[in-house]
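Remarks on the structure that follows.
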Amino acid sequence: MKVEHLGGLKVRLTGGTDGRGGGSGPAVVLLHGWGAPGDDLVPLGSEIAAPTGTRFVFPEAPLSLQMGFGESRGWWMLDIERRQREIAAGRASDLSREVPKGLDEARAKVIAMLDELERRLGAKQIVLGGFSQGAMLACDVALHSGRTLAGLVMLSGTLLASDEWTPLMQKRKGLKVFQSHGSLDPLLPSFMAEQLRDLLMQAGLSVEWVGFRGGHEIPGVVLDRLGVFLRSVLTR
């Protein structure tokens, strides 16, 4: 693994020709979820059967969170007490119309990182994705940016900012999307992810949906299917 700073973000690189992001292969960028350490998703680089030479890029979110247990980071702040109350009461929080404070800033940082990834590391094919909050940010970046992407990956994400996102989806017609979600997810209920899936498909994006019986997680079946997806959208 190698650590770089791209567009103002600390990133960890794996894969490629040397296990440290070397070579000129395609790049898979995965954004971690809220409250996770910056290296949370790094092990996935060796668990996903991507094409030979694929480089994995794991950016670290800019916000340091004080959660009382090790390193915790976020792309934007959450009202965690509110979420805990809703979960305890068995109520699903509908985030579909919310535009989180800090989303614009997070988007700008990821776009700057992708610009430098192309410029400095010569990434000609990029798949952008993430888990949970990272998946939502990946979707937001894909919809707001005109950048060519080989694919979009959303692992346990959900619909946000629907008034902004929905009109932008048509511009991404034909984009290959991989989306997974657990039917028992207590944090982001599956029906909200399904709503996002349906909107994307109606706009002409090509969505591969992988539902599984589980919670807020990335099980082996998702990693297996994700490997197949990456092998189909990435070429050398």
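The values are calculated or read from the model by the stated rules, or taken from the named source; none is laboratory data. Predicted, not measured: the structure shown is a model, and the values here were computed from it. As a convention, Cβ positions derive from the backbone with ideal geometry for all residues, glycine included, and neighbour counts pool all protein chains shown. The area values use the complete protein model at the heavy-atom level, side chains included, leaving out ligands, DNA and RNA. Shrake-Rupley method; radii C 1.70, N 1.55, O 1.52, S 1.80 Å.
Within region 171-230, the set of residues being hydroxyl-bearing (Ser, Thr, Tyr) and under 14 Å from GLY129 (Cα atoms) comprises just one member, SER180.
Got at least one residue in region 165-183 being in contact with a strand residue (DSSP E or B) (Cβ under 8 Å, 6 or more places away or on another chain), surrounded by fewer than 23 Cβ atoms within 10 Å (Cβ to Cβ) and aliphatic (A, V, I, L, M)? Looking through region 165-183, at least one residue is in contact with a strand residue (DSSP E or B) (Cβ under 8 Å, 6 or more places away or on another chain), surrounded by fewer than 23 Cβ atoms within 10 Å (Cβ to Cβ) and aliphatic (A, V, I, L, M). With respect to (1) touching a residue at least 24 places away in the same chain (Cβ under 8 Å); (2) of a type outside the set (A, V, I, L, M); (3) open to solvent by 10 Å² or more (accessible area, probe 1.4 Å), the lone exception for ASP140 is condition (3). Does VAL29 satisfy the condition of being closer than 17 Å to ARG119 by Cα, hydrophobic (A, V, I, L, M, F, W, C), assigned to a strand (DSSP E or B) and touching an Asp or Glu at 6+ places or on another chain (Cβ under 8 Å)? For VAL29, the condition - closer than 17 Å to ARG119 by Cα, hydrophobic (A, V, I, L, M, F, W, C), assigned to a strand (DSSP E or B) and touching an Asp or Glu at 6+ places or on another chain (Cβ under 8 Å) - is not met. The one condition from (1) open to solvent by 40 Å² or more (accessible area, probe 1.4 Å); (2) out of contact with any helix residue (DSSP H, G or I) (no Cβ under 9 Å at 6 or more places or on another chain); (3) modelled with pLDDT of 95 or more; (4) not charged (D, E, K, R) that THR235 does not meet is (3).
Report yes if some residue within region 217-230 is open to solvent by less than 60 Å² (accessible area, probe 1.4 Å), within 25 Å of ILE48 (Cβ to Cβ), in a loop (DSSP other than H, G, I, E, B) and out of contact with any helix residue (DSSP H, G or I) (no Cβ under 8 Å at 6 or more places or on another chain); otherwise report no. Yes: one or more hits.
If you go through region 1-26 and keep only what is open to solvent by 10 Å² or more (accessible area, probe 1.4 Å), outside any strand (DSSP E or B) and in contact with a Gly (Cβ under 6 Å, 6 or more places away or on another chain), you end up with THR17, GLY23, SER24. Looking only at region 117-147, residues that are among the polar types (S, T, N, Q) and under 21 Å from GLY15 (Cβ atoms) come to 1 in all. In region 191-208, what residues are surrounded by 18 or more Cβ atoms within 10 Å (Cβ to Cβ), in contact with a strand residue (DSSP E or B) (Cβ under 6 Å, 6 or more places away or on another chain) and either modelled with pLDDT under 95 or in a helix (DSSP H, G or I) (or both)? The answer is ALA193, ARG197, LEU200. Evaluated against (1) part of a loop (DSSP other than H, G, I, E, B); (2) at pLDDT 95 or above; (3) farther than 30 Å from LEU188 by Cα, ASP39 falls short on exactly one condition, (3). For region 149-164, give me each residue that is open to solvent by 10 Å² or more (accessible area, probe 1.4 Å) and under 16 Å from the mean Cα position of the chain (by Cα). Once the filter is applied, which keeps residues that are open to solvent by 10 Å² or more (accessible area, probe 1.4 Å) and under 16 Å from the mean Cα position of the chain (by Cα), region 149-164 yields LEU149, ALA150. Condition check for ALA61 on (1) open to solvent by less than 10 Å² (accessible area, probe 1.4 Å); (2) of a type outside the set (Val, Ile, Thr); (3) within 25 Å of LYS176 (Cβ to Cβ); (4) part of a loop (DSSP other than H, G, I, E, B): one failure, at (3).
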